[in-house]
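Peer 1: One structure follows; several queries about it will come next.
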Amino acid sequence: MKIKVCGMKYPENISAVAALNPDFMGFICYDLSPRYMADVSPVVLAQLPSSIYKTAVFVNEDADKIRLLIKQFGFNAVQLHGNESPEFCSNLRDEVTVFKAFGMDDGFDFTQLDAYVGHVDYLMFDTKTERHGGSGKTFDWSILNNYKLDIPFFICGGLSLDNLKKVKQIKHPAFYGVDLNSRFETQPGLKDAEKLREAFNLLRD
C-alpha cells in the first residue's frame, strides 16, 4: 500500500517526515487552506529523496500557474481538488503524475468518473466538505464497492491510528494507497512524526 502524507508546510517537519520515507508528500498550493505552503522554499523540496513524489495540491488553479510552480519547485505530481475537467487533467500529464480528487458522500454519482478514464493517473476519494479536504472526517468506505473502474485510487479524509486497521481490510482491487493528514497533526501543517511512524509500521506490516 502506498502512503501519502499531505499538508506539509514547515521545513524541519518536512525533513522529519521525509525520513520515514513516504511514497508521496503533499504541499498545498491553495492560499485559503490553513496548510498553505507559503513559507516553503524550492530549496527545501530539492533536498527531499528522489524516491518521494513531491505532490502539489491545487483547487481550480490556472494551468499556467500550475506549470510555473511545477517548474519552480520540481513537483513530480499534482493533485487537483476542484472542478477540473478531464481535458485539464490530461494536459498536465506530459509533465507530472496527476491525481484527481472527489468529495465522497452517500449520494456520490460514480458515473461521473467515467470521463476521467485515460486522463488521470490516480483518483483521490476524500470526505465531501465545503473546504476541499482537511476536515478530519471519514466517509462511509462501503460505498467504494460501487466503484467499477480500473484507475487506482487513494483514500483520504479522517484517517487516523484509530481506523487504519479497518482501512487495511478494504479489498477493492483498485485500492492503491492512503493519504494521511489532519489526524496526524499537532496544528495545521505540523505533523506528529512519531504518530506517523506508528501508522507507517501498521500499514507496511
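Peer 1: Which one of G118, G189, G26 has the biggest mean-square fluctuation once the chain is modelled by GNM with Cα springs under 10 Å?
Peer 2: Greatest mean-square fluctuation among the candidates belongs to G118.
Peer 1: Using unit Cβ charges (K, R positive; D, E negative) and no other charged atoms, how large, in debye to the nearest 20, is the dipole of the stretch 2-203 about its Cα centre?
Peer 2: Details: 22 positive and 26 negative charges, 120 e Å.
My answer is approximately 580 debye.
Peer 1: So between N21 and S50, what do we pick up on full extension, going 0.36 nm a residue minus the alpha carbon distance?
Peer 2: Working: separation 29, 0.36 × 29 = 10.44 nm, distance 1.03 nm.
Once the chain is fully extended between N21 and S50, it gains 9.4 nm.
Peer 1: Now, a different point. Can you tell me the FRET efficiency between D39 and F110 if r is taken as the Cβ-Cβ distance and R0 is 41 Å, rounded to the nearest 0.05? Could you put the intermediate results ahead of the total?
Peer 2: Details: r = 39 Å, r/R0 = 0.94.
Efficiency, from the Cβ-Cβ distance: 0.60.
Peer 1: Between the stretch 1-67 and the stretch 180-198, what is the separation of their alpha carbon centroids in Å?
Peer 2: The distance from the Cα centre of the stretch 1-67 to that of the stretch 180-198 comes to 14 Å.
Peer 1: In whole Å, what are the extents of the chain along the principal axes defined by its C-alpha atoms, from largest to smallest?
Peer 2: Largest first, the chain extends 42, 39, 29 Å along its Cα principal axes.
Peer 1: Placing +1 on the Cβ of each Lys and Arg and -1 on the Cβ of each Asp and Glu in the chain, which of C89, L159, Q79 has its Cα farthest towards the positive end of the resulting dipole?
Peer 2: Going by the Cα projections, it comes out as L159.
Any read-out appearing in this document is the output of simple, stated calculations on the displayed coordinates, not a laboratory observation. Predicted, not measured: the structure shown is a model, and the values here were computed from it. Note that we place each Cβ from the backbone using ideal geometry, even for glycine, and neighbour counts take in every protein chain shown.
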